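S.K.: Handing you a structure now.
The values are calculated or read from the model by the stated rules, or taken from the named source; none is laboratory data. It should be emphasised that the depicted structure is a prediction, and the values quoted were computed from it without experimental measurement. As a convention, Cβ positions derive from the backbone with ideal geometry for all residues, glycine included, and neighbour counts pool all protein chains shown. Remember, those area values only see protein heavy atoms, side chains included, never the ligands or the DNA or RNA. Shrake-Rupley method; radii C 1.70, N 1.55, O 1.52, S 1.80 Å.
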Amino acid sequence: MHATTRVTPLKLALTLAFCGATMGLAPAIAQQAAPAQAAPVQAAAAPLPGDDFFGYVNADWLAKTEIPADKGSWGAGSALGDETNARIVKLIEETAARNPAGDARRVTDFYRAFMDEAAIEAAGTASLMPELKKIDAIKDKEALVHALGASLRADVDPLNATNFYTENIFGMWFAQGLNDPHHYVPYILQGGLGMPDRAFYLDDTPRMGQLRTAYQAHIAAMMKLAGYSEPETRAARVFELEKKIAQSHGSREDSADIQKANNLWTMKDFSAKAPGMDWKAFFRAAGLGKQGKFMVYHPSAITGAAALVNEMPLQAWKDFLAFHTVNHFGNSLPKAFVDQRFEFYGRTMNGTPQLSPRWKRGLSAVNNAVPDAAGKMYVERYFPAEAKTRLQAMVTNIVAAFHKRVEKLDWMAPATKKEAQEKLRTLYVGVGYPDKWTSYEGLEIKPNDAMGNMLRAEKFHYRQQLAKLGKKVDPTEWCMPPHVVNAVNMPMQNALNFPAAILQPPFFDMKASDAHNYGAIGSVIGHEISHSFDDQGAQFDSKGRLRDWWTKEDGEHFKKGAAALVAQYDAYQAFPDLKLNGTLTLSENLADLAGLAAALDAFNAASGGKASPEQERAFFAGFASSWANKSRDASLRNQIATDGHSPAKWRTYTVRNLDDWYKAYDVKPGQKLYLAPEQRVRVW
Ligand SMILES: [Zn+2]
């Protein structure tokens with residue numbers, strides 16, 4: 001939930017953060033390369049805390065940090081991500097030298113196979129050919145339906161990771177039901193497009209028109225590389241089919257609206273509501289022949305695709321399957337395939353000037369294939385048990401602070417309060433790594449078969465997800481690996497994940513004081529908890545059932561407090577001609593405010609009632625230093641236009657709504673951040 005805007009959902013293997021950047025640590029838009037520029041000369045004197053708290057706390061960092069030439073912005077969080085990636089690759093290389101067994105061996109062999117470019121060149125399309133031959137052998141619609149069913153993978157996650165994209169005909173997700181938290185159910189989502197979403201096929205703008213032409217050329221180029229005759233004719237057929245698929249797709253806004261996704265279909269519903277193909281045969285091929293109920297996330301797309309199976313010529317579908325097989329595995333194939341993919345998805349679509357180094361792509365492939373195995377290696381080396389113990393104590397204290405805050409709210413109805421308390425009581429907070437590691441026992445990884453490894457890993461993952469059906473729902477299941485710098489609120493599971501990688505400086509430091517840590521990671525923990533109670537979180541009750549448990553009056557009171565915060569952020573002037581958008585960033589600003597206030601309560605309670613002024617300063621400085629950041633102007637403007645999170649500097653100004661901050665820094669009327677007590681926003 002609350003992910004930042006995704007530039008493209010395509011797995012370009014350029015970034016590690018495949019879960020929605022819930023904390024907004026590294027806005028995707030800011031990762032686009034921008035031309036290098038000289039660092040501005042810094043003024044020598046730091047500002048007063050009451051005038052610019054961000055500049056005051058981060059004066060040193062700002063003076064000595066330059067944005068890397070290939071980045072649009074750079075902050076403490078992005079540096080941590082880069083360092084963590086470099087560390088884990090070094091760890092993989094060291095482990096490989098020790099000739100490991102089991103899952104560690106799977107990690108090292110997977111990485112080795114991906115990195116061995118000479119072997120990949122020599123093998124050519126050997127691993128690809130058996131897949132393409134199966135497609136060539138399709139003789140009728142019956143065989144086509146079987147092939148489409150067999151192509152399904154567990155490759156999307158609409159709620160936690162907010163990943164809606166798959167180039168398979170449909171995406172699958174296995175989770176508890178929206179109305180039935182006690183049973184797992186398969187979710188079926190729209191898919192089948194090689195460009196990010198319907199707008200790319202249907203919007204009548206010059207930019208989209210150019211992309212459509214370039215995409216069709218890309219299809220032809222990939223088909224040609226794979227050895228197909230008449231690649232242009234095939235590309236035209238694939239494009240026409242995808243355009244028709246796109247017409248049945250929901251928009252991005254539709255995908256984000258969980259109420260529109262709440263459609264429980266039986267097998268009979270599929271035949272009645274989506275005629276055109278043999279659904280029983282389709283689901284049998286997908287290993288779901290015995291499944292009685294499905295959550296249909298995008299009903300119009302399911303209906304649309306079934307009709308197209310009936311209407312469109314067999315050859316169009318065969319070309320579609322062949323192209324998407326080549327395209328999907330392109331990054332594990334010889335250089336010509338990799339370069340062609342980058343030419344379209346990197347350079348043309350995103351303006352990225354340079355393909356990322358092979359080791360980064362290799363690590364990203366490892367993270368997709370065997371995330372827990374790599375995460376386990378990372379945790380064993382870099383996440384000490386003492387860190388977990390100390391953080392768990394912080395989590396307990398912060399949850400207790402929320403309990404007290406909810407109890408004290410004068411505007412919330414007693415029944416709503418009761419459910420909120422129950423939601424806090426049953427909240428699962430995962431710290432560092434999952435309670436149970438996923439085992440990859442039985443997954444065959446070869447040191448010399450990059451594409452085959454990827455294919456086998458995807459099938460293995462799908463079978464693991466299928467096996468969840470009929471089992472007891474596990475609210476402690478994680479949705480991101482431990483070595484990714486991020487944090488997530490999973491509304492249906494009523495759970496939070498704080499991966500080990502974010503539990504490092506500047507967010508958490510074993511050597512730092514509690515005051516610092518509560519200000520930095522404590523405010524992040526509070527931020528994620530508060531999402532359970534905002535406009536999105538309030539749609540799910542303590543069991544994770546989709547049910548609005550707020551009264552109308554609760555909602556109105558909440559909105560009134562929220563309006564004051566909207567006005568506060570609307571007034572921030574980022575450029576002479578551009579202010580922040582307080583409405584767009586409201587949910588995240590509320591979470592920042594609630595999170596910081598609860599973290600301070602928790603710190604006060606933990607330090608025996610009331611922190612000293614010195615401790616309070618360490619707390620607030622810990623908070624603001626974790627948001628140290630520099631942005632190029634173009635990148636900052638993009639972020640303000642599209643990102644649900646406020647830019648880092650203004651996130652740190654949250655402090656001006658807390659009375660303790662004024663006392664800690666002796667902030668006086670007339671200073672730029674000063675707010676009279678009645679102007680300070682208190683929602684929670
Ligand atoms: Zn958030």
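S.K.: How much of the pair distance distribution for the range 498-582 lies past 15 Å, counting alpha-carbon pairs only, in percent?
M.R.: 72 percent
S.K.: Taking the dipole about the Cα centre of the range 611-684, with the C-beta of Lys and Arg at +1 and of Asp and Glu at -1, give me whichever of F620, A634, Y674 is farthest to the positive side.
M.R.: The residue sitting most towards the positive pole is A634.
S.K.: If you count only protein heavy atoms with a 1.4 Å probe, what accessible area per residue comes out for the chain, rounded to a whole Å²?
M.R.: Using a 1.4 Å probe on heavy atoms only, each residue of the chain averages 40 Å².
S.K.: Moving on. Could you give each residue of the range 82-91 its phi-based ³J(HN,Hα) in whole Hz, using Karplus coefficients 6.51, -1.76, 1.60 with θ = phi - 60°, and x for Gly or Pro?
M.R.: The phi angles translate into 5, 4, 5, 4, 5, 4, 6, 5, 4, 5 Hz.
S.K.: Which Rg and Dmax, in Å, describe the Cα atoms of the range 136-295?
M.R.: 17.1, 52
S.K.: Next question, about the same structure. Give me, ordered by chain and number, the residues 5 or more places off V429 or on other chains with an amide H under 5 Å from its own placed amide H.
M.R.: Placed amide hydrogens put L496 under 5 Å from V429.
S.K.: For a quick size check, give me the Cα extents of the range 201-292 along its three principal axes, largest first, whole Å.
M.R.: Dimensions of the range 201-292 along the principal axes of its Cα atoms: 42, 33, 19 Å.
S.K.: With both partners inside the chain, how many of the DSSP beta bridges are antiparallel, as a percent to the nearest 5?
M.R.: So the antiparallel bridges amount to about 75 percent of the total.
S.K.: Suppose every K and R has +1 on its Cβ and every D and E has -1 on its Cβ; what is the size of the dipole of the range 89-204 about the Cα centre, in Debye to the nearest 20?
M.R.: In total the dipole reaches around 400 debye.
S.K.: Please state the charge dipole magnitude for the range 529-606, taken about the Cα centre, from unit charges on C-beta atoms (+1 on K and R, -1 on D and E), reported in debye and rounded to the nearest 20.
M.R.: Dipole of the range 529-606, to the nearest 20 debye: 160 debye.
S.K.: Further, regarding this structure: List the residues whose amide H sits under 5 Å from the amide H of L673, counting only those 5 or more places along or on another chain, with H placed 1.01 Å from N in the peptide plane.
M.R.: D51
S.K.: Near K472, which aspartates and glutamates are there with a Cα under 13 Å away, not counting those fewer than 8 places off in the same chain?
M.R.: Leaving aside aspartates and glutamates fewer than 8 places away in the same chain, those within reach of K472 are D180.
S.K.: With θ set to phi - 60°, apply the Karplus curve 6.51 cos²θ - 1.76 cosθ + 1.60 along the range 360-365 and write out the HN-Hα couplings as whole Hz, x wherever there is a Gly or Pro.
M.R.: 5, 5, x, 5, 4, 5
S.K.: Where the only charges are on Cβ atoms (+1 Lys, Arg; -1 Asp, Glu), what is the dipole of the chain about its Cα centre, to the nearest 20 debye?
M.R.: Roughly 900 debye for the chain.
S.K.: Add +1 for every Lys or Arg and -1 for every Asp or Glu among the other residues with Cβ under 10 Å from the Cβ of N58, and state the total.
M.R.: Spelling it out: positives minus negatives among the neighbours equals 0.
S.K.: Test of the criteria: in the range 123-221, which chymotrypsin sites (Phe, Trp or Tyr not before Pro) are in a DSSP loop and have at most 15 other Cβ atoms within 10 angstrom of their Cβ?
M.R.: Answer by residue number: there is no such site.
S.K.: Cα-Cα pairs above 17 Å in the range 88-130: how many percent?
M.R.: 40 percent
S.K.: Let me ask another. Please tell me which of these pairs span more than 19 angstrom C-alpha to C-alpha: K268/K293; K141/K260; K417/K543?
M.R.: Where the Cα-Cα span goes over 19 Å, the pairs concerned are K141/K260.
S.K.: Would you mind checking which residues have amide H under 5 Å from T352's amide H? H placed 1.01 Å from N; only 5 or more apart, or other chain.
M.R.: R347
S.K.: How large are Rg and Dmax for the range 293-392 when only the alpha carbon atoms are used, in Å?
M.R.: 20.8, 62
S.K.: Can you give the calculated 222 nm mean residue ellipticity of the chain, where each DSSP H run of n ≥ 4 adds -39,500 (n - 2.57) and the sum is split over every residue, rounded to the nearest 500 deg cm²/dmol?
M.R.: Mean residue ellipticity at 222 nm (helix-derived): -15000 deg cm²/dmol.
S.K.: How much net charge surrounds P299 when only other residues with a Cβ under 11 Å from its Cβ are counted (Lys, Arg +1; Asp, Glu -1)?
M.R.: Residues close to P299 contribute a combined charge of 0.
S.K.: A further question follows. Taking the Cα atoms of the range 329-385, what is the range of coordinates along each of the three principal axes, in descending order and whole Å?
M.R.: Sorted largest first, the three principal extents are 46, 22, 15 Å.
S.K.: Could you state the number of Å between the C-alpha centres of the range 49-102 and the range 432-457?
M.R.: 27 Å
S.K.: From the Cα gyration tensor of the range 351-435, with a ≥ b ≥ c the square roots of its eigenvalues, which class applies: rounded if a/c is under 1.5, or else prolate if a/b is larger than b/c, or else oblate?
M.R.: prolate
S.K.: Tell me, what % of the accessible area of the chain is carbon and sulfur with a 1.4 angstrom probe?
M.R.: Carbon and sulfur together cover 53 percent of it.
S.K.: Please turn the phi angles of the range 525-537 into ³J(HN,Hα) values with the Karplus equation 6.51 cos²θ - 1.76 cosθ + 1.60 (θ = phi - 60°), one per residue in order, whole Hz, x for glycine and proline.
M.R.: In residue order, the calculated couplings are 4, x, 4, 5, 4, 5, 4, 5, 10, 9, 4, 7, x Hz.
S.K.: Placing +1 on the Cβ of each Lys and Arg and -1 on the Cβ of each Asp and Glu in the chain, which of W650, G287, W478 has its Cα farthest towards the positive end of the resulting dipole?
M.R.: Positive-most Cα among the choices belongs to G287.
S.K.: How big is the shadow of the Cα convex hull of the range 593-642, averaged over all directions, in nm²?
M.R.: Mean projected area of the Cα convex hull: 4.5 nm².
S.K.: Express in % the proportion of alpha carbon pairs of the range 401-460 at distances exceeding 15 Å.
M.R.: Here the tail beyond 15 Å accounts for 68 percent of pairs.
S.K.: How large is the convex hull of the Cα atoms of the range 543-664 per residue, expressed in Å³ as a whole number?
M.R.: Cα convex hull per residue, to the nearest whole number: 154 Å³.
S.K.: Follow-up. Let me see the pair-distance distribution of the chain: every alpha carbon pair, 10 Å bin width, integer percents in order.
M.R.: Reading upward from the zero bin: 3, 15, 25, 26, 19, 9, 3, 0.
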